[in-house]
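What follows is a single structure, written as structure tokens, with notes after it.
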Amino acid sequence: MSASSVHPAQSQTAPAPIVVAGGGLVGMAVALALADRGWPVVVVSDMPAKPDGRTVALMPQSLALLDSLDLGETLAQSGAPLEIMRLIDDSGSLFRPPPVAFEARELGLECFAINIQNHVLLKTLSERVAAHPAITSITGQVIGTRMDQDLRQVILADGNSLAASLLVAADGRRSAIRAALDIAVVHKDYPQVAVTAIMEHERAHRFTSTEFHTRHGPFTLVPLPGRCSSLVWMTAPDRAENLVALDDAAFGRAVEDQAQSMLGKMHPAGPRGKIGMGIDRIDTITAPRCVLMGDAAHAFPPIGAQGLNLGLRDIRDLLACLEHRSDAGAPEVTQRYQSLRQKDISTRTLGVDMLNRSLLSPYLPVDFARGAGLLALASIGPLRQFVMRQGIGR
Ligand SMILES: Cc1cc2nc3c(=O)[nH]c(=O)nc-3n(C[C@H](O)[C@H](O)[C@H](O)COP(=O)(O)OP(=O)(O)OC[C@H]3O[C@@H](n4cnc5c(N)ncnc54)[C@H](O)[C@@H]3O)c2cc1C
């Protein structure tokens, strides 16, 4: 179907569809969830991202949503459970607290999350989207949007446009739709780059994720099926350049050294990624007949596995706003979405920012406060359980 064939003129017989812009994990998941509830959906997406060693750890609420979209089998086959999370201070601070271990069974859970490669999850989601009778997929790029006759016009790079009852902007952290709507973003760059890779290793990970807190940010290994873990190494930009330029053997040795050989010898399996780190604070996430979600609505460094989990909660809340509605873009829908999402987004953004800055800070009082916090977590069970519940969005 071509873009220009979905036109306001059609709205005399059929309602204008919901247009989802962005074919990432959030865009694909929201398209499926909406279509499953009977909304006609058009997805506009440009080229899919290439595999770059990135994974997502998905917490119980996210797993429930994805399960309802028929992704349970993919998660079970290609994901690994994260049963224990260890935090190790490797910052060289004078106040070095003992390692902290969070165990899912302390909360009566089998695991905190399932960790899966982004491209595996995206492939299954894209297949479901392609097969769904209520979804039309268009390969293209959204370059602008405006209101016309109480519908939202979505303008594509090829000159065509779509009329939407609601535009869901899931077009990532450099959202062109957000820019076209003049929505303010408070952006801050961090002096950090995340190097990502899938690592094979000699010893079993025992379903434990380990996060070393270094002076340049966390260095994290998260379990995958078999003797494999995903690496997120946040480091200084010049160090990141050097790391990605290493050959496989030297890169494996560098990761093993930084991990204090806890998993034995290591070797990268597949391509590596390199992502610049920053944070976006966006207070307004709606416009007439438009909602922002996923990284278009909130973007921050991968600390505590929050980004996609938050994006999937955007979807959950949009679905709640649409219940018993016939007009997807009615002002009541967008206003309620804004008020439902605001607190969750702002507290996660602030929490990740504070944690990251506490690692980067050279000041002793900040070190002391962070060390005291970790010490309290290590020794006070109820506090640890409270933090664990917050971490998994309960
Ligand atoms: C190293 C790393 C590790 C992470 N680990 C975790 C984790 O463990 N748990 C977790 O919950 N989150 C994690 N995250 C965050 C998570 O990966 C993101 O929040 C999530 O993938 C964002 O998905 P998205 O669909 O919103 O955005 P994106 O993945 O950026 O997708 C946006 C899509 O829109 C398309 N697009 C862009 N512009 C246009 C346009 N103009 N028109 C049409 N299409 C367009 C893009 O091509 C892309 O397909 C991590 C992030 C990083 C960097």
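The numbers here are math on the coordinates, done by the rules we state, and not lab data. As the structure is a prediction and not an experimental result, all values here were calculated from the model. For neighbour counting, all protein chains shown are included, and Cβ atoms are generated from backbone atoms with ideal geometry for every residue, glycine included.
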Could you give the nm distance between label points at Asp327 and Asn160, where each point is 7 Å from its Cα heading toward the beta carbon?
2.7
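How much length is gained if the chain between Glu73 and Ala179 is pulled fully straight, taking 0.36 nm per residue apart and subtracting their Cα-Cα distance, in nm to one decimal? Walk me through the numbers before you get to the answer.
Values: separation 106, 0.36 × 106 = 38.16 nm, distance 3.76 nm.
Extra length from Glu73 to Ala179 when fully extended: 34.4 nm.
For the stretch 168-244, what is the charge dipole size about the Cα centre, in debye to the nearest 20, if Lys and Arg each add +1 at the Cβ and Asp and Glu each add -1 at the Cβ?
Dipole of the stretch 168-244, to the nearest 20 debye: 180 debye.
Taking neighbour counts of Cβ atoms within 10 Å as a proxy for exposure, in what order, fewest first, do Leu166, Leu355 appear? Display every interim value, and only then the final one.
Numbers: Leu166 27, Leu355 18.
Lowest count first: Leu355, Leu166.
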Hey, if you put +1 on the Cβ of every Lys and Arg and -1 on every Asp and Glu Cβ in the chain, which of Thr145, Ala49, Leu181 ends up farthest toward the positive end of that dipole?
Leu181
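Where does the stretch 150-220 land on Rg/Rh, using Cα atoms and the Kirkwood Rh? Write out the running numbers ahead of the final one.
On the way: Rg = 20.7 Å, Rh = 17.2 Å.
Ratio of gyration radius to Kirkwood radius for the stretch 150-220: 1.21.
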Pull out the extension gain between Ile143 and Ala320, defined as 0.36 nm times the separation in residues minus the alpha carbon to alpha carbon distance; nm, one decimal.
60.8 nm
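How big is the antiparallel share of DSSP beta bridges in the stretch 160-318, given as a percent to the nearest 5?
Details: 33 of 36 bridges.
Counting DSSP beta bridges with both partners in the stretch 160-318, the antiparallel share is about 90 percent.
Give me Thr210, Thr55, Thr284, Thr349 ranked fewest to most by other Cβ atoms within 10 Å of their Cβ, as a rough exposure proxy.
Values: Thr210 23, Thr55 26, Thr284 15, Thr349 20.
The most exposed by this proxy come first: Thr284, Thr349, Thr210, Thr55.
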Could you calculate the FRET efficiency of Arg215 with Ala130 from 1/(1 + (r/R0)^6), where r is the beta carbon distance between them and R0 is 41 Å, rounded to 0.05?
0.35
Take every DSSP beta bridge whose two residues both sit in the chain, then give the antiparallel share in percent to the nearest 5.
70
Kyte-Doolittle mean at least -1.0, axial Cα span of 30 Å or more - DSSP H helices of the chain
331-360
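If the only charges are +1 at each Lys and Arg Cβ and -1 at each Asp and Glu Cβ, what is the size of the charge dipole of the chain around the Cα centre, to the nearest 20 debye?
On the way: 37 positive and 39 negative charges, 112 e Å.
Result for the chain is approximately 540 debye, rounded to the nearest 20.
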Please work out, to two decimal places, the log10 of the ratio I(q)/I(0) at q = 0.08, 0.13 Å⁻¹ from a Debye calculation in which every Cα of the chain carries one identical scatterer.
-0.43, -1.09
Sorted peptide list for 289-296, 40-47, 302-309, 128-135, criterion being average Cβ within 10 angstrom, highest first
289-296, 302-309, 40-47, 128-135
If packing is taken as the mean number of other Cβ atoms within 10 Å per residue, what is the order of 28-37, 69-78, highest first?
28-37, 69-78
Give, in nm to one decimal, the length gained when the segment between Asp238 and Arg86 is fully stretched (0.36 nm per residue of separation minus the Cα-Cα distance).
52.0 nm
Separation between Cα centres of the stretch 287-362 and the stretch 94-160, rounded to whole Å
12
So, for the Cα atoms of the stretch 42-170, Rg and Dmax in Å stand at 20.8, 64
Sort Thr235, Thr124 by Cβ crowding within 10 Å, fewest neighbours at the top.
Thr124, Thr235
Fraction of the pair-distance distribution of the stretch 182-329 above 26 Å, Cα-Cα pairs, percent:
39
